[in-house]
Amino acid sequence: MHPFHWVPGDGARHASLDPRPEGVFLHPTGAEVRTLCGLDVLADNSQLAWLWETCPECNAEAHRISARSTTSRRTR
């Protein structure tokens, strides 16, 4: 499992390292979330929001994090 998760907000799907509230899989709509691209966005968990384009900066950083976490698991 990766340390980041996806959250739609501000017109795009972003990735975030912010912890989610206890007992929920998604940030609630309206919750402020800091993204990997450096924005603070309000989460939007509507069905339409999950169809938005992925933020290219968050996507690139998520790939970097994924590569690091995969490499570190192999060396343990």
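Here are a few things to note about the model shown:
- Counting only strands (runs of 3 or more DSSP E) that fall entirely inside region 1-68 and contain at least 3 residues that are crowded, with 17+ Cβ neighbours inside 10 Å, the qualifying elements are 5-9, 12-16.
- Neighbours by Cβ (under 6 Å, 6+ apart or cross-chain): first from region 59-76, closer than 23 Å to Leu39 by Cβ; second part of a loop (DSSP other than H, G, I, E, B) and at pLDDT 90 or above: Glu61/Leu36; Ala62/Phe4; Ile65/Phe4
- If you go through region 7-19 and pick out every residue that is free of Cβ contacts under 8 Å to residues at least 24 places away in the same chain and of a type in the set (A, V, I, L, M, F, W, C), you end up with 1.
The values are calculated or read from the model by the stated rules, or taken from the named source; none is laboratory data. Remember, predicted model here, so these are calculated numbers, not experimental data. Quick reminder, even Gly has a Cβ in these numbers, built from the backbone with ideal geometry, and neighbours come from all protein chains shown.
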